[in-house]
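The next block holds one structure in the form of structure tokens; read it before the comments.
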Amino acid sequence: MAVHDATWQQANQRHLTAALAGVRQALERHSQPDGPPAEQPGHSAAELAKAMAAPPALDLLVANFGLSPFERDLLLLCAGVELEASFAALCAAAHGDPQRAYPSFSLALAALPNPHWSALTPQAPLRRWRLIDVGAGASLTLSPLRIDERVLHYLAGVPQLDERLATIAVPMPPAHELVPSQRMLAEQILAAWSRVARGAAAPIIQLCGDDPAGKRAIAAAVCAALGLKLSRLPAEALPGSPAEIETLTRLWERESALGGSALLLDCDELDGGEGTRASAASRLIERIGSPMLVTSRERRAGLDRAIITFDVQKPSTDEQRGIWQQALGALAPQLNGQVDQLVAQFNLGAQSIRSAGSSALGRAADPSSPNIGLLVWDACRQQARTRLDDLAQRIESAASWDDL
């Protein structure tokens, strides 16, 4: 669905307006049973949906979360209060109390067609997926209801990541072109996910090895091929308590259903001694049902669910040589064979090679200068030192040679 397409957004707005009109009519009939017949909209929501090139947001949400007609109308009742001024007044009139200008389960059960009590339970879609929030009240049925902000934006056709997720999950940029060995792994992952039966949860994919950028590039390429938006969640940002992990799981699974998203759980920098974060990561992996990839330096063990693991190596010697040629462009021949020395001395990933090449070219006052080779060599040392700093703490000595 092209949610950014202006034509679709206009059609989606017309469909939502027509769907809200149906719920408003039900409220009017309930609050004024002897009133005049409600004005009928020009076209029904069903007719407008059939005329759309892509399904409206409301129909997608109903299908993705398995909402019944009553649950659909209850959600629209909550959305109507946010989108149309008349809904609040109608709620107050239906409650018989001007202070209760909000939806409630009791109002929905009384005013909407095809009511069923099971829609109120915590495990039913509306509450399980946090589509609506139940406020404080004297009882469950009398408590005020409010549509979740992320869901409201979705219905309006405006894509926006839930702000509770946006603080910890970062959208991944498109990956550079993969080298052949990485492309082969990406194809294997695609094949593993493509074999999943319709409606079944995709297996967790674990990418292991000491090339974090390469693993992220493979994950990004796989998700791009599947039309999924990929976001990266560092394991260090995970909450510690099981209840918070459960909330995070539900929110992300909802986001995956709403936005066609996949999650990359980055455990590359997770210290094995951090028991709380390691336990939180394991719990998230075991609980989540939406597409997920996990990156780590070593294979994670002790998990209760099946995981497909792929070992990601740095690009081969020939692949690194090719990346250097691309990174340095026309200047590569001026290095007089030093590229082979760079490959032999520094075992760098694709991103590190590109960064080193850009750094050297950016520092060169004259790219044709013979010093370009020294600048490239120094840039490689800086890239290699970055990984060393992850493994050990550098100590700056205060002693001089004379002191020794």
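The values are calculated or read from the model by the stated rules, or taken from the named source; none is laboratory data. Not measured: the values here are computed from a predicted model. Note that we place each Cβ from the backbone using ideal geometry, even for glycine, and neighbour counts take in every protein chain shown. For the accessible areas, the whole protein counts, side chains as well, though only heavy atoms, and no ligand, DNA or RNA atoms are used. Shrake-Rupley method; radii C 1.70, N 1.55, O 1.52, S 1.80 Å.
Screening residue 184 with (1) farther than 17 Å from residue 262 by Cβ; (2) surrounded by 14 or more Cβ atoms within 10 Å (Cβ to Cβ); (3) not polar (S, T, N, Q) gives one miss only, at (2). One residue stands out among those in region 249-279 that are hydrophobic (A, V, I, L, M, F, W, C) and open to solvent by less than 20 Å² (accessible area, probe 1.4 Å): the one that is farthest from the chain's Cα centre (by Cα), which is 267. Does residue 129 satisfy the condition of being in contact (Cβ under 8 Å) with a residue 40 or more places away in the chain and open to solvent by 30 Å² or more (accessible area, probe 1.4 Å)? Against the criterion (in contact (Cβ under 8 Å) with a residue 40 or more places away in the chain and open to solvent by 30 Å² or more (accessible area, probe 1.4 Å)), residue 129 qualifies.
At least 3 residues being more than 27 Å from the chain's Cα centre (by Cα) and at pLDDT 95 or above is the threshold, and among the helices (runs of 4 or more DSSP H) wholly inside region 42-92 those reaching it are 69-83. For region 139-158, residues that are over 26 Å from residue 104 (Cβ atoms) and surrounded by fewer than 15 Cβ atoms within 10 Å (Cβ to Cβ) total 1. Here 316, 296, 290 are screened, and the one residue that is modelled with pLDDT of 80 or more, small (Gly, Ala, Ser) and exposed (fewer than 14 other Cβ atoms within 10 Å of the Cβ) is 316.
Residue count for region 193-210 under the criterion of being in contact (Cβ under 8 Å) with a residue 60 or more places away in the chain and open to solvent by 10 Å² or more (accessible area, probe 1.4 Å): the result is 6.
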